[in-house]
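Down below is the structure, laid out as structure tokens.
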Amino acid sequence: MRLATSLRTALAASLLAAFAFVLIGPLANLALWSVAERWYTPYKLPVTYGTRYWEQVFRPTGDAMASLGTSVWIAVLTVVVALALSIPAGYALARLKLPARALFMVLFLLPQAFPSVAIYINVARVFYQLGINGTVFAVVLVHAAHGLVYSVWIAAAAFGAVDKELELAARNIGASPLKTFFSVTLPLAAPGIIASGIFVFLESLDEFTGTFFVGVPQVMTLPLLLYNAAMGGNYQVASITALILLVPSVLFMLFIERFLRADVLAKVGA
């Protein structure tokens, strides 16, 4: 009996250690490369440590800060466009009796149903003919189309989680449909919509393929800078850029855990 218990404990510990290695190992490698000023074969660890590359990345006149500013600006515009479309679409899908509701929900998933490279190549060709290829406007359109896949579904779930009785109570005391929406429905759905906006922001911030095909070389975002640094063998800058991109994702997960209710998540796709 004791032997079986010891074996189970050892197996559980081994699985936990393997999981921790898979999860933390790449992050530890990024952290090491970010402070490695000299690291070459046959040494298993950096030969020289320092913050020279951090100073290079955060230099006000450097490419990294300019790329970060461009990435944030594009992500903010993408959120505005995505929410402007997903809030009315999500409300309609959650509240109106649409005959083909399921079909509409599936249609928003279509951008994920096809290989992204093939789609972006054709989008780039169309944008080039329209004369907007290589502009922030084109990149925002591509990011927003991608972000709608998530924002519409999350917005529909957020509105679906709002108790209809509260809306009826507001209407019974004389509130108009528009006032009911802005004073009751929208505030109650706000956590889900905020989560949707943050998710779109992160998707835009991390998007590489679409930006590469419709934005290069005029539009340089942080993922593109990471790619260029990695392809050029500058693993320190690439690692620091990856760590910078990781921070918003961690903050988003903390927001989801703290503010987004389980009943909203349960209604995604319902």
Evaluate the distance, in nm, between pseudo-label points positioned 7 Å from the Cα of F19 and of A66 along their respective Cα→Cβ axes.
4.5 nm
Pick out which of S204, S183, S86 has the largest mean-square fluctuation in a Gaussian network model of the chain, springs linking Cα atoms closer than 10 Å.
S183
So the pair-distance distribution of the stretch 141-252, from every Cα-Cα distance in 10 Å bins, comes to percents of 13, 30, 24, 16, 11, 5, 1
FRET efficiency (A92, V247; Cβ distance; R0 35 Å; to 0.05) is 0.50
Which one, (1) 19.5; (2) 18.3; (3) 21.7, gives Kirkwood radius over Cα pairs in Å as derived from the coordinates shown?
(3)
To the nearest µm²/s, what D does Stokes-Einstein give for the stretch 1-57 at 10 °C and 1.306 mPa s, using the Kirkwood radius over alpha carbon pairs as Rh?
113 µm²/s
Could you check which residue among Y128, Y150, Y43 shows the biggest mean-square fluctuation in a GNM of the chain with a 10 Å Cα cutoff?
Y43
Percent of Cα pairs exceeding the 15 Å cut-off, where the set is the stretch 72-150
63 percent
Measuring from label point to label point, each 7 Å out along Cα→Cβ, what is the A100 to L7 span in nm?
5.9 nm
If contacts are Cα pairs under 8 angstrom and at least 6 residues apart, what is the relative contact order of the stretch 1-75 in percent?
15 percent
For q = 0.09, 0.12, 0.19 Å⁻¹, Debye-computed log10 I/I(0) when each Cα of the stretch 1-124 counts as one equal scatterer
-0.68, -0.93, -1.11
Please work out the average accessible area per residue across the chain, using the 1.4 Å probe convention, and give it in Å².
58 Å²
Roll a 1.4 angstrom probe over the protein heavy atoms and tell me the percent of accessible area of the chain that is carbon or sulfur.
72 percent
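The values are calculated or read from the model by the stated rules, or taken from the named source; none is laboratory data. Since the model is a prediction, treat every value here as computed from it, not as a measurement. Here Cβ is always computed from backbone atoms with ideal geometry, including for glycine, and neighbour counts include all displayed protein chains. When the accessible area is computed, the model is the full protein with side chains, heavy atoms only, and any ligands, DNA or RNA have been set aside. Shrake-Rupley method; radii C 1.70, N 1.55, O 1.52, S 1.80 Å.
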